[in-house]
Amino acid sequence: MAALLLIGVVATAGLALAGIVLAYRAGRRHGRNAAVAELHQRDGQPRLIIDRVPALVGYVGPDLCYRFANRCYADWFGLDPEALVGRPVVQIIGPEAFGRAFPHFQAALAGRRCSFENQTRLANGEVCLARAELVPYEVNGTVEGVVVLVHDITRQKQSEQALQQARDEMRAEVELHTRALRESEKRFRDIAEA
C-alpha cells in the first residue's frame with residue numbers, strides 16, 4: 001500500500017515538477033519572487049493535491065536547496081511552503097539530521113533511489129522519527145534534483161517498541177513459571193521416591 005502511495009505521489013509530483021523546475025530556472029533569471037509567482041500560476045491542481053497528501057513531499061536541487069515543498073513539509077518546520085524555496089536542507093532539518101541524510105542525498109543525486117530513517121526536531125520542539133524516500137529526478141538522463149517523500153513513523157516505532165517490551169515481559173514470565181514448575185516437579189519426584 002505504501003509503495004502504491006509512493007508511486008502515486010511521485011507520479012503526481014512529476015506533473016508538478018516540470019513547472020517547478022521551469023519556475024526555478026525562471027527564478028534564477030528573474031529573482032526568487034518571480035519564481036514563486038510563476039510556480040503559483042503553473043502548478044494549480046497538482047499543488048492542491050500534493051498539499052493534501054498526509055506526508056512530506058519536496059523537491060531538492062543538486063545544490064541541496066529546496067525548490068518545492070508541500071504544506072505538510074512546511075507545517076513540520078513551522079514555515080510557509082514558499083519560505084522553504086531556495087533554503088538549504090541543512091538549514092531546515094538541522095545539522096545532525098542533515099549529517100545522517102547527506103550520504104543518501106549524494107546517492108540520489110548520483111541516480112540511485114534510496115530509503116532511510118532519520119530523526120529530526122519539528123518546529124514545536126517534538127522529536128520525530130521519519131522514513132524518507134529519495135527519488136532521483138532525471139531529465140534526458142541527467143539528474144536535475146531529488147524528489148523527497150517523508151512519512152512520520154514515530155508512532156509505528158513506539159508501537160513496535162511496546163510490542164517488543166510486552167514480548168520480553170511475557171517471555172520472562174513464561175521462563176519464571178517454567179522454572180517454578182520444574183522445581184515443583186523435582187520436589188514431587190523427591191517426595192515420591194522417598
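The values are calculated or read from the model by the stated rules, or taken from the named source; none is laboratory data. All of these numbers come straight from a predicted model, not from anything done at the bench. Glycine also receives a Cβ, built like all others from the backbone with ideal geometry; neighbour counts cover every protein chain displayed. Quick note on the areas: whole protein, heavy atoms, side chains included, nothing else; ligands and nucleic acids left out. Shrake-Rupley method; radii C 1.70, N 1.55, O 1.52, S 1.80 Å.
(1) open to solvent by less than 90 Å² (accessible area, probe 1.4 Å); (2) in a helix (DSSP H, G or I): which one isn't true of Ile191, the others all being true?
(1)
If you go through segment 148-176, how many residues are touching a residue at least 12 places away in the same chain (Cβ under 8 Å) and open to solvent by 40 Å² or more (accessible area, probe 1.4 Å)?
3
Within segment 174-181, does at least one residue satisfy the condition of being at pLDDT 85 or above and over 23 Å from Cys65 (Cα atoms)?
Keep residues of segment 174-181 that are at pLDDT 85 or above, which gives 175, 179.
Adding the requirement that they be over 23 Å from Cys65 (Cα atoms) leaves 175, 179.
For segment 174-181, residues at pLDDT 85 or above and over 23 Å from Cys65 (Cα atoms): present.
With a cut-off of at least 2 residues that are open to solvent by 50 Å² or more (accessible area, probe 1.4 Å), name the strands (runs of 3 or more DSSP E) lying wholly within segment 64-147.
Working: elements: 66-69, 114-121, 127-139.
So the answer is 114-121, 127-139.
Go through Val60, Val135, Val143 for me and flag whichever is closer than 27 Å to Arg47 by Cβ and more than 18 Å from the chain's Cα centre (by Cα).
Val143
With the structure loaded, tell me whether Gly58 is at positive phi and touching a strand residue (DSSP E or B) at 6+ places or on another chain (Cβ under 6 Å) or whether it fails that test. Spell out how you get there, then give the answer.
On the way: at positive phi: no; touching a strand residue (DSSP E or B) at 6+ places or on another chain (Cβ under 6 Å): yes.
Criteria not met by Gly58.
If I ask for residues that are in contact (Cβ under 8 Å) with a residue 40 or more places away in the chain and not in a helix (DSSP H, G or I), which ones from segment 43-63 would you list? Explain how you work it out, then say what you get.
Narrowing segment 43-63 to residues in contact (Cβ under 8 Å) with a residue 40 or more places away in the chain: 50, 53, 55-62.
Answer for segment 43-63, where residues must be in contact (Cβ under 8 Å) with a residue 40 or more places away in the chain and not in a helix (DSSP H, G or I): Val53, Ala55, Leu56, Val57, Gly58, Tyr59, Val60, Gly61, Pro62.
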